[in-house]
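Here is the structure we will look at, set down as structure tokens.
The values are calculated or read from the model by the stated rules, or taken from the named source; none is laboratory data. Remember, it's a predicted structure, so these values are computed and weren't measured experimentally. Cβ coordinates were reconstructed from backbone atoms using ideal geometry, including for glycine residues, and neighbour counts include every protein chain displayed.
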Amino acid sequence: MKSFRPKDGSGEPPSPGRNGEADFRKTKRTNETHASTTDPDARLFRKANGQESRLSYLGHALMENRNGLVVAAEATLATGTAEREAATAFSERLPEGATLGADKNYDAEAFVEGLKVREIAPHVAINGTVSKTVKARKTAVPPDVAASLGYAISQRLRKRIEESFGWSKTVGGLAQVKVRGLAKVRAAFVFAMAAYDIVRLPKLLAPTGEACPAA
């Protein structure tokens with residue numbers, strides 16, 4: 001975070017030393033006005049309200065529901081629309097008639113309508129956020145889809161995607177990336193997701209030997 005400096009060159013650098021002090025109080029820093037001097041591709045990003053903003057990248061994964069294996073992975077710059085853009089790109093690989101489960105951040109009209117055009121059922125969690133005027137946000141998920149049995153199953157199984165992200169952080173070393181630049185971060189993320197699948201595959205493969213009949 002100490003490398004996140006004004007793009008115009010102003011601002012005092014951290015005090016000398018291996019980990020010099022820096023005072024960020026009462027300073028407004030945004031991706032439009034500031035950039036990291038050590039990793040220009042990193043973006044200031046906040047995952048949810050009430051959480052701190054950090055210099056980040058976003059990792060995206062597409063999982064098949066039957067076995068929970070990651071079938072596509074991508075890393076992008078951290079922006080407010082990157083999740084839906086990556087999911088749209090993933091959905092182009094799906095055949096007509098497929099379903100796509102996702103959390104409530106994907107409950108956006110443009111994204112859902114795009115899936116419907118490609119004849120993909122939008123099994124997206126309904127974003128029922130209530131405004132300050134006590135008015136529930138209107139969902140883009142069609143009522144007939146939300147009432148279907150397949151939708152209920154997708155909502156239960158989609159949460160398994162968190163297992164791959166959790167593994168990539170605790171075992172795959174991505175809790176804090178050690179590389180700089182989007183290209184290297186993308187390679188590290190895709191490699192970690194491939195490793196996750198390789199670790200899980202032996203548990204999914206059926207025994208190859210045949211049982212011998214008793215004498």
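Quick check on the stretch 85-99. Is at least one of its residues farther than 30 Å from ARG54 by Cα and hydroxyl-bearing (Ser, Thr, Tyr)?
Applying the first criterion (farther than 30 Å from ARG54 by Cα) to the stretch 85-99 yields 92-99.
Now drop any that are not hydroxyl-bearing (Ser, Thr, Tyr), which leaves 99.
Scanning the stretch 85-99, I find at least one residue that is farther than 30 Å from ARG54 by Cα and hydroxyl-bearing (Ser, Thr, Tyr), so the answer is yes.
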Checking the structure you have, find out if any residue of the stretch 133-145 is closer than 18 Å to ARG66 by Cα and modelled with pLDDT of 95 or more.
no
Of the residues in the stretch 47-64, those that are modelled with pLDDT of 90 or more and part of a loop (DSSP other than H, G, I, E, B) come to GLU64
Of residues in the stretch 59-95 being surrounded by 17 or more Cβ atoms within 10 Å (Cβ to Cβ) and of a type in the set (Asp, Glu), the one farthest from ARG158 (Cα to Cα):
GLU74
Where LYS159 falls short, out of the listed (1) out of contact with any Leu (no Cβ under 6 Å at 6 or more places or on another chain); (2) modelled with pLDDT of 95 or more; (3) part of a helix (DSSP H, G or I):
(2)
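State the number of residues belonging to the stretch 176-194 that are over 16 Å from ALA78 (Cβ atoms), free of Cβ contacts under 8 Å to residues at least 24 places away in the same chain and not basic (Lys, Arg). Please lay out each step first, then the result.
Taking the stretch 176-194 as the starting set, the residues that turn out to be over 16 Å from ALA78 (Cβ atoms) are 178, 187, 190-194.
From what is left, the residues that are free of Cβ contacts under 8 Å to residues at least 24 places away in the same chain are 178, 187, 191.
Applying the additional criterion that residues be not basic (Lys, Arg) yields 187, 191.
Here the count works out to 2.
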Could you give me the residue pairs with C-beta distances under 8 Å whose first residue belongs to the stretch 149-161 and is over 27 Å from ALA194 (Cβ atoms), whose second residue is in a helix (DSSP H, G or I) wherever it lies, and which are 6+ apart or on separate chains?
TYR151/VAL145
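Take the stretch 76-90 and flag every residue that is free of Cβ contacts under 8 Å to residues at least 12 places away in the same chain and not acidic (Asp, Glu). Give the derivation first.
Here is the first cut: in the stretch 76-90, the ones free of Cβ contacts under 8 Å to residues at least 12 places away in the same chain are 80-81, 85.
Across the stretch 76-90, the qualifying residues are GLY80, THR81.
Do the conditions hold for LEU115, that is, is it assigned to a loop (DSSP other than H, G, I, E, B) and within 18 Å of ALA61 (Cα to Cα)?
Details: assigned to a loop (DSSP other than H, G, I, E, B): no; within 18 Å of ALA61 (Cα to Cα): yes.
In short, no.
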Residue, nearest to ASN65 (Cα to Cα), within the stretch 178-210, restricted to residues that are in contact with a strand residue (DSSP E or B) (Cβ under 7 Å, 6 or more places away or on another chain) and not aromatic (Phe, Trp, Tyr):
ASP197
Out of the residues in the stretch 170-184 that are surrounded by 14 or more Cβ atoms within 10 Å (Cβ to Cβ) and of a type in the set (Lys, Arg), state the one that is farthest from SER56 (Cα to Cα).
LYS184
Any residue in the stretch 103-117 that's closer than 15 Å to GLN155 by Cβ and at pLDDT 95 or above: show its pairings with residues that are of a type in the set (Gly, Ala, Ser) and assigned to a helix (DSSP H, G or I) at Cβ separation under 9 Å, as long as the two are six or more apart or on different chains.
TYR106/ALA87
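Counting only residues that are among the basic types (Lys, Arg) and surrounded by 10 or more Cβ atoms within 10 Å (Cβ to Cβ), which one in the stretch 185-215 is modelled with the lowest pLDDT?
Residue satisfying both the conditions and the ranking: ARG200.
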